[in-house]
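Notes for the one structure printed next.
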Amino acid sequence: MAMMPLPTGLGGSAPGRKRGPDEMTRLPLRIALLALAFTLPGWQAAAAQNGGAETFDADVTRQVLDSIEFQFSITSFRDQGWLDEAIRQVSRQRTGILRCVNAREKELASMRETIGPELIERISAKEDRTPEEATIAEQVETLNADVTECKLLLEQSGQLHARLTDLESDLKRARMNRKETSVLYNLVHGFAGIGPYHGRRWQTIADTLKDPLLLERAGVVLGLLAGGVLFGMAVKRRIRMPGADRSAAYMSQAAAGFRFLVLNSAPLLIPVVLLLGYMWAARGVEWLGSAYGQLLWLLLGYVVALVLIPVLIHRVSLYARAVLEQELPVRALDIRLACIATLLALWVLEVQILGPEETYQTTQLLARNVLASLIIIGLLEFAFFLKRVPGIPRTGNLIRALSIGLLLLSLILEWAGYRGMSRFLWGGLAFTALVLAGYYLLEHLLRDFYNGIDHGEQPWQVRFRRFLSVGENEPVPGLIWLRLLSVVLLWTVLIVLFLKIWGASDSTMDSLFSMARDGFWFGETQIVPANVLIGILVFTALLMLFRWVRDNLNQKYLSDSRMDSGAREALVTIISYVGFTIAALAGLSVVGVSFTNIAIVAGALSLGIGFGLQNIVNNFVSGIILLLERPIRTGDWISTGSTEGFVKKISVRSTEVQTFNRADVIVPNSELISAPVTNWTLRNRHGRVIVPVGVAYGSDTELVGRLLEEAAAEVPEVVRDQPDLPVRVFFRSFGDSALDFELRCYILDIWYILDVTSRLHFAIDRKFREHGIEIAFPQRDIHIRSGSPPPGGADDT
């Protein structure tokens, strides 16, 4: 890139010309402007890139908001579908506006930080500007104008969103409080049209099933249905639900529950899933929301509900049998829940899918009254039936009593004509119970799944643990994060469903989903919940991957090399920490954490590390030294201070030593570096055994020495063929009660010092017995002197 000539106004001067005081003071300004001349293209490219990524158009956004506001101003316009779409559009536009404000403010702050606020104000106040100064001023003015415009649009969209949500609340409140015709009125005026009404309903279902694609490809559809049924029947014959063992823990029945699900649902579930998949591939995603797609979804949900009900009752009965020692009425519970599920499916079919009937409106209201009353009565009967179920805690009885009161109130409201309020109450209770049952079942199945992986209960779980090179009692790396992720997802879904069941509007749900997808700002930090969950998943996956790479590298490659065990373990440990660091950095980058901020925090903590955490840092550095220099290794026999045993594990902070009494002692690494450490197996495993022996006075000392050497020769672990490690016998001293000898010999493996010492004792004792050598023991002679009593007399004595 060619260097452009320096303008005179920026720093060029004629030769021989002296600089005045004003020009000298302007020299830093000229230098800064010269630097900005090269950095402005980078700012412009970054701004263009951000703008292309956001694709925000203020004019289009203003047109959308003005159009919605105009339609909202029509007082007679109160269509719920339009209102939901309008709130969704405004929420989407607000998200784009917020992105615009944040992006432009970041660009403006970056420019101010680089150029300096004083310099920008000075350039803005000048009238006679150089080309570079004009470019900077234009850039600042453009960014300020964009920020102002985006903030005005943000205020407009906020006010419009508030008005739309207020209207939505008013409409919902009006529907809840609206009084319609009573059950008695509908019974009197709509009973005569029951027959024709149901005939038209069946005709509507038949017309819905006459999908053109189904008629054109009837052979393919029938083949899918027949193949799905046959495959489901084959699965049903091959898989059987194992009987529940009374002695088995109720938490270990996940596999049985899944088998039971497949066994009961395969002949019906598989054909419906195949048909849904085929229609989805042929028609697209939009078809799934059509009337025919809703019918298939309803059938799929109904089949799954009929299958999950026995699974749920089975698990609850196992819990009651194992923990409460009570037998539940399984059959009665199954029948009641299946009836309630059937009534709810009919309600969804009548109200949500088939829709309003124009000709027989009163008959339709009567049919819905009867169906709603049957659902409420079924829920009431089930609530009263639960009173006979043993083991329900006091809190459960309180909730049951409250539910009975709300159901009775909803029945009265239904018959009186307040159907909106009635359906809100009984629908909320019914679907809340359904969601809680699904949560209970899914939470326990996931818990069984993770516990099985942790303990290796099933064959595939054992193979999975073996694939990850996880020991028998070792935890699976990263599994705790998967557990946490599952709990967060379950609770998130549970809260969202509760909000939807108990009247949360579509705009509220869209706002929640938008917040989860786009995040929210906490100060200057943007937190995106979806990215947090994905970051945890990435961290867990990378942690498992590096664990697999480390163990396979250690077992398949490093074990065949000439590298000793200490160096191999040091390399494996370094790989572990590098893998953990990479996994953590990858997870944090997915979350969106700025590593610049982390560096700033780390620098701020350096002072605290220097004072309060110096012991931890000392142990950490000592651990690195131990791993690199390897004065001790895993499996070495060491003694330091009052601790003696073999090294079980060397980590970065501490070393685990297992004593000969099987006690694990955690020794800080700094003590192993600064204090004297005896390593019995540093270079080799040779060791020396010293056996002191005392024989009686009068024994043949030459024979004793020869017998001791022969006893050492009989023990195979004693080194005999190395001149530098000879077997030696010493006549140490003439003791008080014995002639003191000492046998000194070297053994091949110091680990067997006690075994070798014991064998030497046996051999010496046998040799001495054979040759009549007596092993001395301490002897004391007591002399009793007889004579006159002491001067005090006999009495005193």
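Only the coordinates and a few stated rules stand behind these numbers; no lab work does. Here the structure is a predicted model, which means the values were calculated and not measured. All Cβ positions, even for glycine, are placed from backbone atoms using ideal geometry, and neighbour counts span all protein chains on display.
So how do 134-140, 767-773 stack up, highest first, on mean other-Cβ count within 10 Å?
Top of the packing list down: 134-140, 767-773.
Test of understanding: what is the full-extension gain from T659 to Y278, defined as 0.36 nm times their sequence separation minus their Cα-Cα distance?
That pair, T659 and Y278, stretches by 130.5 nm at full extension.
Among 658-670, 304-316, 159-171, 722-734, what's the highest-first ranking by average C-beta atoms within 10 angstrom per residue?
Those peptides, ordered most packed to least, come out 304-316, 159-171, 658-670, 722-734.
If amide hydrogens are placed 1.01 Å from N in the peptide plane, which non-local residues have theirs closer than 5 Å to the one on K649?
Result for K649 returns E656.
Would you kindly state how much longer the chain becomes between K500 and R685 on full extension, computed as 0.36 nm times their sequence separation minus their alpha carbon distance, in nm to one decimal?
Full-extension gain reported as 59.5 nm.
List the residues, sorted by chain then number, that are 5 or more residues from G694 or on another chain and whose placed amide H is less than 5 Å from its amide H.
Placed amide hydrogens put F741, A776 under 5 Å from G694.
Taking 7 Å along the Cα-to-C-beta vector as the label spot, tell me the E113-Y185 distance in nanometres, rounded to one decimal.
The two pseudo-label positions are separated by 6.8 nm.
Rank these for me by crowding, S589, S622, going from fewest to most other beta carbons within 10 Å.
Least to most surrounded, the residues fall as S589, S622.
What distance in nm lies between label points placed 7 Å from Cα along the C-beta direction at N451 and R173?
4.9
Would you mind working out the magnitude of the charge dipole of the stretch 632-719 relative to its Cα centre, with +1 at each Lys and Arg C-beta and -1 at each Asp and Glu C-beta, to the nearest 20 Debye?
600
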